[in-house]
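Some notes on the structure that comes next.
We did not get these values from a lab; they are worked out from the coordinates using the rules stated. These numbers come from a predicted model, not from an experiment. Every residue, glycine among them, receives a Cβ derived from its backbone with ideal geometry; neighbour counts consider all protein chains shown.
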Amino acid sequence: MKKELFLFLQGKVVKIDRGGPESRVGQILSVADDYITVLTKEDGVVFYNTHHIKSVTDNVKQGLDLQFDIPEGVEYIKAQDFKSVLDNLRFRWVQVNRGGPE
C-alpha cells in the first residue's frame, strides 16, 4: 500500500486486513516509509510492515469503534524504516504474527 494513503488516514480509526487472525481495529499513530504504527485495544501498539497489509477499511458512514480511551502521550518506537524498528526491539519480548497461516 502507498504511504500517501496511510498519511491521509493518520489519526483515524481503521481496520487493518478485513478478516482473519491478523485483522485489528485501531488508530494509526504514525506513518513511516515502509511501516505504520497502530494503537489497538487488544495488543496496544502494533507495528505493521506496509508491504504485508492487504486492506485498510475506514468506515466513514458508521464509524469504527475503538471502544477505549486513547491515553495521552502514548510512547512507542519511532524509526525511519521497519528494519530500524526491529533493531530497536532487539532483546525485548515481541509477538510476530499472532497465529495466522502466514
What are the lysines whose alpha-carbon lies under 20 Å from the alpha-carbon of Lys2, with same-chain residues fewer than 8 places away excluded? Lys12, Lys15, Lys54, Lys78, Lys83
Label point 7 Å out from Gln95 along Cα-to-Cβ: which residues of region 18-60 have amide N under 14 Å? 21-25, 40-47
Can you tell me the mean projection area, over all orientations, of the convex hull of region 1-58's alpha carbons? Units nm², please. 3.3
Descending packing, highest mean Cβ count within 10 Å first, for 79-91, 29-41, 10-22 is 29-41, 10-22, 79-91
